[in-house]
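A short worksheet on the structure shown next.
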Amino acid sequence: MDYQQAQNQLALVQQQNQTAMQTLQALAQKLAAAAPDPTTGREWAMDLREAAMAMQAQAQSTTMLVQQMAQYIQQLEGALATHPNAPVRSAGWANQQSQSGGGGFLGSLVGGLGMGAGFAAADNIVNDIFDLF
C-alpha cells in the first residue's frame, strides 16, 4: 500500500460512514412518523441513537487507523528516500506532496481538519436523530 492508496481508503471509509449516518437519519424519520405515541417514538429514537453512536465510534476508530497507516507509510517512504542503498524504490511521498496540496505538517493539518469535519458532521447527524422527538 502506498500513500495514495491509504488516502483513497480513508476517503472511502469517510464516505461509507456518511452514507450509514444518512440511512439511520432516514430510518429515524420513518420511525417518528410511524410511532403510535410520543413515548414510544422517544424510546425508538433513543434505541436508534445508541446504535448510531456505536456506529460512529467504530467509524472514527477505523478512520483514525487508516490515517495512522497513511502517516506510517509517509515515514517509511521518507526513510527510503534518504537511504543510500534503498532495497526498493518508493512510490514517492515527494510526488504526493505536490499533488495533494502539501505534506509534512501542513498535509497532516489539512487531513486532520478534514477528518475533524467528518466527525462533526456525524455528531450532527446523531444529534438530529435524537432531536426528532
Query raised in the report: If you check every pair at least six apart or on different chains, which have Cβ atoms under 9 Å apart with a residue in region 18-46 that is on the phi > 0 side of the Ramachandran plot first and a residue that is among the acidic types (Asp, Glu) second?
Result: none
Requested in this report: Would you check if there is a residue in region 71-86 being at pLDDT 80 or above and closer than 26 Å to ALA20 by Cβ?
Outcome: yes
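Would you be able to say whether some residue in region 54-65 is over 16 Å from ALA20 (Cβ atoms), modelled with pLDDT of 55 or more and surrounded by 11 or more Cβ atoms within 10 Å (Cβ to Cβ)?
Our first condition is that a residue be over 16 Å from ALA20 (Cβ atoms); within region 54-65, this holds for 64-65.
From what's left, modelled with pLDDT of 55 or more: 64-65.
From what is left, the residues that are surrounded by 11 or more Cβ atoms within 10 Å (Cβ to Cβ) are 64-65.
Yes, region 54-65 contains at least one residue that is over 16 Å from ALA20 (Cβ atoms), modelled with pLDDT of 55 or more and surrounded by 11 or more Cβ atoms within 10 Å (Cβ to Cβ).
For the structure I just gave you, tell me whether GLU77 is touching a helix residue (DSSP H, G or I) at 6+ places or on another chain (Cβ under 6 Å), in a helix (DSSP H, G or I) and among the charged types (D, E, K, R). If you could, list the steps in order and put the result at the bottom.
On the way: touching a helix residue (DSSP H, G or I) at 6+ places or on another chain (Cβ under 6 Å): yes; in a helix (DSSP H, G or I): yes; among the charged types (D, E, K, R): yes.
Here the answer is yes, as GLU77 does meet what is asked.
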**Report entry** Filtered residues of region 47-79 (kept if more than 13 Å from the chain's Cα centre (by Cα) and without any contact (Cβ under 8 Å) to a residue 24 or more places away in the chain)
**Finding:** ASP47, GLU50, ALA54, TYR72, GLN75, LEU76, GLY78, ALA79
Report task. Considering only region 25-47, state which residues are out of contact with any Lys or Arg (no Cβ under 9 Å at 6 or more places or on another chain) and aliphatic (A, V, I, L, M). Result -> ALA26, LEU27, LEU31, ALA32, ALA33, ALA34, ALA45, MET46
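The values are calculated or read from the model by the stated rules, or taken from the named source; none is laboratory data. Every value quoted in this text rests on a predicted model; they were computed, and no experiment measured them. For neighbour counting, all protein chains shown are included, and Cβ atoms are generated from backbone atoms with ideal geometry for every residue, glycine included.
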